Amino acid sequence: MKQIGNYLTIAIDGPAGSGKSTVARLVAEKLGLLYLDSGAMYRAVTVLAIQNEVETNIPKLIELVKTCHIEFKDNGKKILLNSDDVSVQIRTPEVNNLVADIAKVPEIRHEIVRHQRKIGEEGSIIAEGRDLTTIVFPCADFKFYLDASVKERAKRRFAELQTQNVDTTLESVEAEIRARDEKDMSREHSPLQAAKDAIHIDTTGKTIDEVVDLIVAKIGSRH
Ligand code: CDP
C-alpha cells in the first residue's frame, strides 16, 4: 500500500488554523521526515502574481508559473521563489486575501501538484494542505483530516499574528478565515474535503503536543 518505493507518505488536510502546519512540522522533526507545506507553494505563486501585476491576467500568470522556480530550504522553513526568499511575503494580508482565487485555477494546480509529487519521490514525507489526501497523494500510507471550530481557528491565527505584531482584529481574522474556507470548500477543482479513509482529528481544545502525540501513535501502531 506504500505509494513510492519504501518511502513513507503521510498526508494531512484541513482548513486554515486547524493546526496542520505546526503539527506536521513537529511530526516531521520527531520522525525524521521531509516536511511539505503545500499552501506555501500556492502563496508563493500569489506573490509571483503580485510582483508581476498579473493577479487578474490568469493566462499570463499560468505562463509565469510554468517557468518559475519554487524551492524549499531548511526542511520547509524557508521558501524561495526564483531564488528570492519570500518566506515573509507569503504571509501578508494581501496574499491571504488573494491566494484562494489563484489556487482555484486548474492549470496552476496542475503545475504545483506535479512539483509536489516530485518532492514526494525524494524521501519519506509529511505533506499538508487542502488536497494532499485526495489528489496529490491519494495512496498515502496515513491520511489525517484536522479540523476545529471556526472561532477557535480564528483565535489561534489572531494570537499568531499578534506575536508577529501584525495590526489586525479577531473579527477580521475570523472573516478572512470564513471567506477562505468558503472558497476552498466550494471550488470546482480539488475542493477541500476529507478523504473517505482519512482519520479525523478535532483539534478544538487540544494542545499542539496532544495532536502530535495522537498522530505519532497512529503511525507508530501501524508502520
Ligand atoms: O496556513 P493556512 O491554512 O492559512 O493556509 P495555507 O495552508 O498556507 O494555504 C493557503 C491557501 O492556499 C488555501 O486557503 C488554499 O486556497 C490554497 N491551498 C490549496 O488550494 N491547496 C493546497 N494543497 C494548499 C493550499
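The values are calculated or read from the model by the stated rules, or taken from the named source; none is laboratory data. Quantities reported herein were computed from a predicted structural model and do not represent experimental measurements. All Cβ positions, glycine included, derive from the backbone under ideal geometry; neighbour counts span all protein chains shown. Note: areas computed on protein heavy atoms with side chains; ligands, DNA, RNA excluded. Shrake-Rupley method; radii C 1.70, N 1.55, O 1.52, S 1.80 Å.
Structure notes:
- Looking only at residues in the range 140-163 that are open to solvent by 80 Å² or more (accessible area, probe 1.4 Å) and without any contact (Cβ under 8 Å) to a residue 12 or more places away in the chain, the one that is nearest to the ligand (Cβ to nearest atom) is Glu160.
- Residue identified as at pLDDT 95 or above, more than 19 Å from Glu176 (Cβ to Cβ) and buried (at least 21 other Cβ atoms within 10 Å of the Cβ) among Val99, Val23: Val23
- When Glu111 is tested against (1) within 14 Å of the ligand (Cβ to nearest atom); (2) open to solvent by 40 Å² or more (accessible area, probe 1.4 Å); (3) among the charged types (D, E, K, R), exactly one condition is not met: (2).
- Any hit, the range 159-178, residues being within 16 Å of Ala24 (Cα to Cα), among the charged types (D, E, K, R) and at pLDDT 95 or above: no
- Among the residues of the range 121-139, those that are within 13 Å of the ligand (Cβ to nearest atom) and open to solvent by less than 10 Å² (accessible area, probe 1.4 Å) comprise Ala127, Glu128, Gly129, Asp131, Leu132, Thr133, Val136, Phe137.
- The residue that is surrounded by the fewest Cβ atoms within 10 Å (Cβ to Cβ), counting only those in the range 171-223 that are under 17 Å from the mean Cα position of the chain (by Cα), outside any helix (DSSP H, G or I) and of a type in the set (A, V, I, L, M), is Ala194.
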